[in-house]
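What follows is a single structure, written as structure tokens, with notes after it.
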Amino acid sequence: MRYVYLFCLLIYGPISLAQDWTFYGFFPALSQSGNLSKKFQYNLYLSSTIDAFHQTVENKEFPATALQYYLQPSLLYRIRPNMQLGVGYAYVKHNLFGLHVNENRLWAQVAVTHDVSSLGRLKVSHRLRYEERYPLNMKTSQWSYATLFRYQLGVNLPLYDPKRQSKGFYASASNEAFLCLSGAKNSPISARNAFYGENWLYGGMGYNTGRFGKIELGYMYQYLIRNPQQDHRYLHLLQATWITSFDLSEVGVWFFTPQN
């Protein structure tokens with residue numbers, strides 16, 4: 001009997017010690033872009049990650065709260081019609097259940113899009129980004145540093161003919177892998193935790209309104225290794241995104257122009 005108990009302890013002991021967190025919430029986002037010239041384009045991206053439900057896990061309180069605020073301006077250069085280079089900055093404010101971190105990020109990326117003619121109007125995109133993060137722990141005032149590679153594979157399938165229509169429904173999906181090269185003590189993702197420490201999986205449906213951009217609704221699954229003990233955090237999020245591609249100056253012209 002003693003050996004049976006020891007065997008069960010070896011099998012179930014690590015499972016009971018694991019502190020895996022699972023949360024459910026919302027991911028509202030706004031992406032606004034416009035052309036500066038034939039080659040250059042700007043983009044402004046805003047998002048928030050919201051834990052929608054109060055939970056108690058292993059006698060620890062997890063209140064419903066905004067886990068993250070994200071602000072990202074960027075500049076893009078079109079090399080070819082299907083290839084872009086980009087540079088950008090991001091300011092991220094984390095509130096991870098007692099861990100308050102403000103983060104500055106600098107990044108550079110290349111993005112390529114191509115058609116898959118054998119699958120109709122399906123478009124496939126590849127985005128490879130190099131990112132440097134500078135997290136500041138607001139409690140200890142300690143700075144840190146991390147470098148990452150991020151690879152995103154995305155697909156988009158219009159459910160209408162874009163050559164004949166400017167409006168219609170479409171389907172989209174993506175997967176992004178986060179590879180941590182170095183650091184950081186203060187960042188939610190760190191090479192101390194795992195090289196492949198985070199992954200985002202998304203699938204959704206959208207509607208292209210034409211003049212007012214695209215409205216998209218979908219499911220986002222975020223997986224993160226929290227610490228060197230390989231504990232995990234899982235986020236199940238309802239994502240709502242407004243994607244606009246008109247210049248901000250056009251909004252004022254439309255607003256003050258009488259509508260017949």
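Could you please let me know if V155 is touching a Lys or Arg at 6+ places or on another chain (Cβ under 9 Å), at pLDDT 95 or above, within 22 Å of Y223 (Cα to Cα) and of a type outside the set (G, A, S)? Steps first, answer last, please.
Values: touching a Lys or Arg at 6+ places or on another chain (Cβ under 9 Å): yes; at pLDDT 95 or above: yes; within 22 Å of Y223 (Cα to Cα): yes; of a type outside the set (G, A, S): yes.
Yes.
Let's see how each residue does on (1) in contact with a helix residue (DSSP H, G or I) (Cβ under 6 Å, 6 or more places away or on another chain); (2) in a strand (DSSP E or B); (3) modelled with pLDDT of 85 or more:
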{"site": "C180", "(1), (2), (3)": "no, yes, yes"}
{"site": "I189", "(1), (2), (3)": "no, no, no"}
{"site": "A194", "(1), (2), (3)": "no, no, yes"}
{"site": "N199", "(1), (2), (3)": "no, yes, yes"}
{"site": "Y202", "(1), (2), (3)": "no, yes, yes"}
{"site": "N227", "(1), (2), (3)": "no, no, no"}
{"site": "L235", "(1), (2), (3)": "no, yes, yes"}
{"site": "A240", "(1), (2), (3)": "no, yes, yes"}
{"site": "E250", "(1), (2), (3)": "no, no, no"}
In region 216-246, the residues that are open to solvent by less than 50 Å² (accessible area, probe 1.4 Å) and within 21 Å of L44 (Cα to Cα):
E216, G218, M220, Q239, A240, T241, T244, F246
Selection from region 17-41 of residues that are closer than 23 Å to Y89 by Cα, among the hydrophobic types (A, V, I, L, M, F, W, C) and assigned to a strand (DSSP E or B)
F27, A29, L30, F40
For Y207: the one exception among (1) in a strand (DSSP E or B); (2) under 19 Å from W107 (Cβ atoms)
(2)
If you go through region 204-215, how many residues are farther than 16 Å from P162 by Cβ and crowded, with 18+ Cβ neighbours inside 10 Å?
1
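Kindly establish whether V116 is β-branched (V, I, T), modelled with pLDDT of 95 or more and farther than 19 Å from L44 by Cα.
Values: β-branched (V, I, T): yes; modelled with pLDDT of 95 or more: no; farther than 19 Å from L44 by Cα: yes.
In short, no.
For region 158-193, how many residues are basic (K, R) and open to solvent by less than 10 Å² (accessible area, probe 1.4 Å)?
First, pick out the residues of region 158-193 that are basic (K, R): 163-164, 167, 185, 192.
Now restrict to residues that are open to solvent by less than 10 Å² (accessible area, probe 1.4 Å): none.
Total meeting the criteria: 0.
Of all residues in region 146-169 being among the hydroxyl-bearing types (S, T, Y) and more than 20 Å from the chain's Cα centre (by Cα), which is farthest from V87 (Cα to Cα)? Reasoning before the result, please.
As a first pass, look at region 146-169 and keep what is among the hydroxyl-bearing types (S, T, Y): 147, 151, 160, 166.
Next, from what is left, pick out any that are more than 20 Å from the chain's Cα centre (by Cα): 160, 166.
Values: Y160: 33, S166: 30 Å.
Per the criteria, the residue is Y160.
The values are calculated or read from the model by the stated rules, or taken from the named source; none is laboratory data. What you are looking at is a predicted structure, and each value in this text was computed from that prediction instead of being measured. Counting neighbours? That spans all protein chains shown, and the Cβs are built from the backbone with ideal geometry, glycine included. These accessible areas exclude ligands, DNA and RNA; they are computed on the full protein's heavy atoms, side chains included. Shrake-Rupley method; radii C 1.70, N 1.55, O 1.52, S 1.80 Å.
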